[in-house]
Amino acid sequence: MRIRPSTFVIYKGKTVYILPIGGFRLIYTDGIHLISSESLEELHAFARRIGLPPRWLHNSPRHPHYDLLTADAREAAIRAGAQVRSARQLVEILRTCSYLPRR
């Protein structure tokens with residue numbers, strides 16, 4: 001199957017790499033949480049773009065993220081270019097973020 005840069009793939013609920021769409025290159029989701037490996041500003045901009053309410057933000061110092069509380073929110077994130085990863089991979093991504101404090 002050929003994948004064009006403007007498309008995404010979900011296969012039976014499994015973690016599948018999602019090609020970047022629309023300028024947000026470093027946004028990830030496990031289908032429940034939405035994070036950025038780049039900055040909080042990018043995370044907030046992406047959340048605004050897909051219509052997430054600010055109250056869905058969990059602004060913890062070490063693991064800032066938005067909860068994706070509905071199927072529509074999850075689909076919007078993926079359509080907008082979020083890269084799907086497992087929950088374990090999200091934790092690893094957050095551990096490498098230069099904008100977050102270290103333990």
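For Leu69, the amide hydrogen comes within under 5 Å of no other amide hydrogen, counting only partners 5 or more places away or on other chains and with H modelled in the peptide plane. Once both labels are positioned 7 Å from their Cα atoms along Cα-to-Cβ, the gap between Val91 and Arg79 label points is 3.2 nm.
Here, each number is a calculation from the coordinates, and none is a lab measurement. Computed from a predicted model, the values in this text were never measured in an experiment. No Cβ is skipped: glycine too gets one built from the backbone with ideal geometry, and neighbour counts run over all protein chains shown.
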